[in-house]
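Take a look at the structure below.
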Amino acid sequence: MTDKTLTRMDLADAVHQEVGLSRNESADLVESVLTHMSDALTNGESVKISSFGTFSIRDKAARVGRNPKTGEEVPITPRRVLSFRPSHLMKDRVADGNKR
Amino acid sequence: MIRSELIEKIAEENPHLYQRDVERIVNTIFDRIIDAMAQGDRVELRGFGAFSVKKRDARLGRNPRTGEAVQVDEKHVPFFKTGKLLRDRLNGK
């Protein structure tokens, strides 16, 4: 394990090296991929990327929560949450790559 | 939305790029994320979310059909945490 954190810049760099576009244009393309995915999810659509994984939206009902510090009851409003289900390929590659 | 629809949208916005290059661009992004996690790295995409690897300890499992105890080895699994901006957008904020 190398314990690094990659960012948009590293993805843009990979695009730059793979396709030979400028770093600026590569960065814009990374951003528009993320924007299109976010927009679809915000519209309530799921995003299925074959051999990567599926992002889907789940509706959570309202419930009564509790402030763990004070014990006080607080209402939790209904909300939409995003869940990600990795593909088999991703699971296998992550399991194999991190084996000791 | 599926991968090909995502590629289609990006291609429409970038008429100066060949369709096959748009495919390579989109595939490169997802492949790079998997490569990073396969090396135990994190991928943090502010506003969207973060991909990371979680370790699951070895445990004694059970075959649900036979009830037989089986040793399950330690393993690493992919994990995604939604970014704050996207979480807020999903809830109309």
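Taking segment B:22-84 as the region of interest, the strands (runs of 3 or more DSSP E) fully inside it that hold 2 or more residues being within 18 Å of the chain's Cα centre (by Cα) are B:42-45, B:49-56, B:75-82.
Restrict the check to segment A:88-99 and report whether at least one residue is part of a strand (DSSP E or B), out of contact with any Leu (no Cβ under 9 Å at 6 or more places or on another chain), loosely packed, with under 10 Cβ neighbours inside 10 Å and free of Cβ contacts under 8 Å to residues at least 60 places away in the same chain. Among the residues of segment A:88-99, not one is part of a strand (DSSP E or B), out of contact with any Leu (no Cβ under 9 Å at 6 or more places or on another chain), loosely packed, with under 10 Cβ neighbours inside 10 Å and free of Cβ contacts under 8 Å to residues at least 60 places away in the same chain, which makes the answer no. In segment A:1-34, the qualifying residues are those that are acidic (Asp, Glu) and open to solvent by less than 60 Å² (accessible area, probe 1.4 Å), and the one that is nearest to the chain's Cα centre (by Cα) is A:Asp10. Considered as a group, the residues in segment A:35-64 that are out of contact with any strand residue (DSSP E or B) (no Cβ under 8 Å at 6 or more places or on another chain), hydroxyl-bearing (Ser, Thr, Tyr) and open to solvent by 40 Å² or more (accessible area, probe 1.4 Å) include one that is farthest from B:Arg87 (Cα to Cα), and that residue is A:Ser51. Looking only at residues in segment B:36-84 that are over 18 Å from A:Thr5 (Cβ atoms) and of a type in the set (Gly, Ala, Ser), the one that is least open to solvent (accessible area, probe 1.4 Å) is B:Gly61. Of the residues examined, B:Ile34 is one that is facing chain A (nearest Cβ under 7 Å) and at pLDDT 95 or above.
The values are calculated or read from the model by the stated rules, or taken from the named source; none is laboratory data. Quick caveat: nothing in here was measured; it's all calculated off a predicted structure. Neighbour counts run over all protein chains shown; Cβ positions are idealised from the backbone, glycine included. Protein only, heavy atoms only, side chains kept; ligands, DNA and RNA dropped before computing areas. Shrake-Rupley method; radii C 1.70, N 1.55, O 1.52, S 1.80 Å.
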